[in-house]
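Asker: One structure coming up, written as structure tokens, with questions to follow.
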Amino acid sequence: MGRKPKNQTKRNSKEIPKKNDNKVIARLRGMRDMLPEEHQYYRLVVNKSEEIIKYYGFSQTDIPALENLSLYERSTGKQTDVVSKEMYTFIDKDGDRVGIRPEATPGLVRSYIEHGMFNQPIQPVKLYWIGNLMRREKPQSGRYRQFSQIDLEIFGEAGPVADAQIILIANRIFKDLQIDVQVQINSIGCKECRPAYVDKLAEYYKQRQVRNKLCQDCKKRMLKNPLRLLDCKEESCREARAEAPQIVDHLCEECRDHFVKVLEYLDELDVIYNLNPFLVRGLDYYNRTVFEFWPEENENARQNALGGGGRYDDLVEYMGGRPTPALGWGLGVERIILKIKENNIPLADDGKPDIFLAQLGEASKRKAMIFFEELRKKKYKAAQNFVKDNLKSQLELADKLGVKLTLIIGQKEMMDETVIIRDMESGMQEVFDFKKVYEELDKRLK
Ligand code: HAM
């Protein structure tokens, strides 16, 4: 009974690249590359959002991509689609159960507790986060397995003004990006008033004529979380919910007061909203105000929400911290980019160069390289290709880049301490003393 010789060990043939197998290894399903063109939109969204978020007193923070899986099971919720179906999880080499972050809120809550932020001198604690998340969803337009979010959270503020203010901040961001959104808003009550409502809802769905309309998933959800039946996208489930009791009619006095005040603030701030009794959100930790930002004029608005959030007043305590009311939202960057492109919104500053620096011959190349550094220091938007020696191909490149002016340094110019300035539109060329070139550039680029 000798051991198997090494070269006969059975392995999955898929794992072993064949000799000379140079087939392209494609990216994984649902994963995307963000190419330079899209990155310009990404910058636009992030820059505009940060400008507004910072103005309202939020500070940037970061959290790890990997966390203990229990963090999400306990906060996002073990039964939610995000945790039960969509999370990427693994056991690492130390035997720890690890989860790749599918949302940022649990990590931010953990970080808030772990760093004792309730002790910080400035309260409430206002944080924002920008980064990648992973959910193993069925890929489709606007739904990817890796995507980016801009996330904002407030810890330690119970008043309804905070709910209105974070909705206002998102609204300002969308307005600045020229995207029309509908604010969908609801209150899902608190741990005092929600259980009685959920019982009523379960009773409603138990009626045979209603139950028969439910999709298979909702029939299962009925036992675990009847609230989620309200936001199922299936047509028959939408029919089934038509006569369902509405939570706003079952809120306790405190929750009702809170909600009324949020709506009053929104009215005063001219934020238009749509009261949506079926909006419940798909994550376990919410209470009271929940909201989503749906694109205007879109039949699939619900599926393609540009962002969403709400209050989660019990989560910090539930995760081991002190009782701390909290709230926040997350905006989907890729979906916002899709909207910007759909609306043909131009990029304000696309980073295009104004000047191309061309050179001819070895000595002028060296001079041009030093000159290029000077242009950079003086903050001119310049481009070059010092690898090319041929003037024609350099001018072709300058043309493709759409610059206004090309500066040419050849042997003669080297000797005379001059530069040729070519106006790319008219093709006119003029020679200038090197010392006067900046003055001329400023005049022509004004
Ligand atoms: P969420 O509703 O799961 O909330 O996600 C927020 C936004 O992220 C969505 O409205 C959507 O724009 C974007 N998004 C979600 N999944 C995908 C995907 N697969 N592909 C592309 N974009 C996607 C949360 O994540 C909460 N943590 C938000 C929050 C913060 N609540 C309180 N604080």
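The values are calculated or read from the model by the stated rules, or taken from the named source; none is laboratory data. Computed from a predicted structure; not experimentally measured. Heads up, the Cβs are rebuilt from the backbone with ideal geometry, glycines too, and the neighbour counts pull from every protein chain shown. For accessibility, only protein heavy atoms count, side chains too; no ligands or nucleic acids. Shrake-Rupley method; radii C 1.70, N 1.55, O 1.52, S 1.80 Å.
Asker: If we scan segment 430-444, do we find a residue that is of a type in the set (Asp, Glu) and outside any helix (DSSP H, G or I)? Write out each step before concluding.
Answerer: Filtering segment 430-444 down to residues of a type in the set (Asp, Glu) leaves 430, 433, 439-440, 442.
Add one more test, that the residue is outside any helix (DSSP H, G or I), and what stays is 430, 433.
Yes, segment 430-444 contains at least one residue that is of a type in the set (Asp, Glu) and outside any helix (DSSP H, G or I).
Asker: Same structure again: Considering (1) open to solvent by 40 Å² or more (accessible area, probe 1.4 Å); (2) outside any loop (DSSP other than H, G, I, E, B); (3) under 30 Å from residue 58 (Cβ atoms), say which one residue 367 fails and leave the rest.
Answerer: Only one criterion in (1) open to solvent by 40 Å² or more (accessible area, probe 1.4 Å); (2) outside any loop (DSSP other than H, G, I, E, B); (3) under 30 Å from residue 58 (Cβ atoms) is unmet by residue 367, namely (3).
Asker: Residues to consider are 281, 288, 256, 238; find the one that is part of a helix (DSSP H, G or I) and within 27 Å of residue 102 (Cβ to Cβ). Talk me through it step by step, then tell me what you get.
Answerer: Numbers: 281 fails: part of a helix (DSSP H, G or I); 288 fails: part of a helix (DSSP H, G or I); 256 fails: within 27 Å of residue 102 (Cβ to Cβ).
So the residue among 281, 288, 256, 238 that is part of a helix (DSSP H, G or I) and within 27 Å of residue 102 (Cβ to Cβ) is 238.
Asker: So, one more: Looking only at segment 93-112, which residues are under 18 Å from the mean Cα position of the chain (by Cα) and either outside the structural domain of residue 280 (by TED's automatic domain parsing) or within 12 Å of the ligand (Cβ to nearest atom) (or both)? Even if it seems obvious, please write down each step before you answer.
Answerer: Filtering segment 93-112 down to residues under 18 Å from the mean Cα position of the chain (by Cα) leaves 100-108.
Result: 101, 102, 103, 104, 105, 106, 107, 108.
Asker: Please verify whether residue 176 is over 15 Å from residue 260 (Cα atoms) and either open to solvent by less than 40 Å² (accessible area, probe 1.4 Å) or in contact with a Pro (Cβ under 8 Å, 6 or more places away or on another chain) (or both), treating the condition exactly as stated. Talk me through it step by step, then tell me what you get.
Answerer: Numbers: over 15 Å from residue 260 (Cα atoms): yes; either open to solvent by less than 40 Å² (accessible area, probe 1.4 Å) or in contact with a Pro (Cβ under 8 Å, 6 or more places away or on another chain) (or both): no.
In short, no.
Asker: Looking at segment 48-167, what strands (runs of 3 or more DSSP E) fall wholly within it and have at least 1 residues that are among the β-branched types (Val, Ile, Thr)? Steps first, answer last, please.
Answerer: Working: elements: 66-68, 89-91, 97-100, 125-134, 146-155.
Where strands (runs of 3 or more DSSP E) fall fully within segment 48-167 and carry at least 1 residues being among the β-branched types (Val, Ile, Thr), they are 89-91, 97-100, 125-134, 146-155.
Asker: Looking at residue 288, is it in the same structural domain as residue 163 (by TED's automatic domain parsing), crowded, with 21+ Cβ neighbours inside 10 Å, within 10 Å of the ligand (Cβ to nearest atom) and not aliphatic (A, V, I, L, M)?
Answerer: Spelling it out, it is not the case that residue 288 is in the same structural domain as residue 163 (by TED's automatic domain parsing), crowded, with 21+ Cβ neighbours inside 10 Å, within 10 Å of the ligand (Cβ to nearest atom) and not aliphatic (A, V, I, L, M).
Asker: Collect the residues in segment 28-65 that are of a type in the set (Ser, Thr, Tyr), open to solvent by less than 60 Å² (accessible area, probe 1.4 Å) and under 30 Å from residue 122 (Cα atoms), keeping them in residue-number order.
Answerer: Pass one, segment 28-65, residues of a type in the set (Ser, Thr, Tyr): 41-42, 49, 55-56, 59, 61.
From what's left, open to solvent by less than 60 Å² (accessible area, probe 1.4 Å): 41-42, 49, 56, 61.
If the condition is that a residue be of a type in the set (Ser, Thr, Tyr), open to solvent by less than 60 Å² (accessible area, probe 1.4 Å) and under 30 Å from residue 122 (Cα atoms), then 49, 56, 61 are the ones that fit.
Asker: Taking only pairs six or more apart or across chains, which ones have beta-carbon atoms under 6 Å, a first residue in segment 273-297 that is within 18 Å of residue 262 (Cβ to Cβ), and a second residue that is within 12 Å of the ligand (Cβ to nearest atom) and open to solvent by 20 Å² or more (accessible area, probe 1.4 Å)?
Answerer: 287/313; 290/281; 293/181
Asker: When residue 146 is evaluated against the numbered criteria (1) closer than 23 Å to residue 269 by Cα; (2) within 17 Å of the chain's Cα centre (by Cα), which criterion, by number, is the only one it fails?
Answerer: (1)
Asker: Now a separate question. What's the total number of residues in segment 329-348 that are modelled with pLDDT of 95 or more and either part of a loop (DSSP other than H, G, I, E, B) or at positive phi (or both)?
Answerer: Number of matching residues: 0.
Asker: Of (1) modelled with pLDDT under 95; (2) away from the ligand (no atom under 12 Å from the Cβ), residue 301 satisfies all except one. Which?
Answerer: Tallying (1) modelled with pLDDT under 95; (2) away from the ligand (no atom under 12 Å from the Cβ), residue 301 fails exactly one: (2).
Asker: Is it true that residue 17 is in a loop (DSSP other than H, G, I, E, B) and at pLDDT 95 or above?
Answerer: Considered against the rule, which asks whether it is in a loop (DSSP other than H, G, I, E, B) and at pLDDT 95 or above, residue 17 comes out as no.
Asker: Of the residues that make up segment 81-92, is at least one open to solvent by less than 50 Å² (accessible area, probe 1.4 Å), within 9 Å of the ligand (Cβ to nearest atom) and modelled with pLDDT of 95 or more?
Answerer: yes
Asker: Additional query: With 239, 235 as the choices, which residue is open to solvent by 50 Å² or more (accessible area, probe 1.4 Å), at pLDDT below 95 and touching a Lys or Arg at 6+ places or on another chain (Cβ under 6 Å)?
Answerer: Step by step, each of 239, 235 is checked, and only 239 is open to solvent by 50 Å² or more (accessible area, probe 1.4 Å), at pLDDT below 95 and touching a Lys or Arg at 6+ places or on another chain (Cβ under 6 Å).
Asker: Which condition number does residue 441 fail, the rest of (1) open to solvent by 80 Å² or more (accessible area, probe 1.4 Å); (2) modelled with pLDDT of 95 or more; (3) of a type outside the set (Val, Ile, Thr) being met?
Answerer: Among (1) open to solvent by 80 Å² or more (accessible area, probe 1.4 Å); (2) modelled with pLDDT of 95 or more; (3) of a type outside the set (Val, Ile, Thr), the lone unmet condition for residue 441 is (1).
Asker: Does segment 75-125 hold any residues that are of a type in the set (D, E, K, R) and in contact with a helix residue (DSSP H, G or I) (Cβ under 7 Å, 6 or more places away or on another chain), and which are they?
Answerer: 78, 97, 101, 103, 110
Asker: Counting only residues that are under 11 Å from residue 229 (Cα atoms) and of a type in the set (A, V, I, L, M), how many does segment 199-210 have?
Answerer: So the answer is 2.
Asker: When the residues of segment 309-347 are filtered to those that are basic (Lys, Arg) and under 14 Å from residue 155 (Cα atoms), which remaining residue is farthest from the ligand (Cβ to nearest atom)? Please lay out each step first, then the result.
Answerer: First pass over segment 309-347, keeping only residues basic (Lys, Arg): 311, 322, 335, 339, 341.
Now narrow it down to the ones that are under 14 Å from residue 155 (Cα atoms): 311, 322.
Numbers: 311: 8, 322: 19 Å.
My answer is 322.
Residue by residue, here is whether (1) within 22 Å of residue 110 (Cα to Cα); (2) more than 9 Å from the ligand (Cβ to nearest atom); (3) surrounded by fewer than 19 Cβ atoms within 10 Å (Cβ to Cβ) holds:
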residue	(1), (2), (3)
122	yes, yes, yes
131	yes, yes, yes
139	no, no, yes
148	yes, no, no
152	yes, no, no
160	no, yes, no
167	no, yes, no
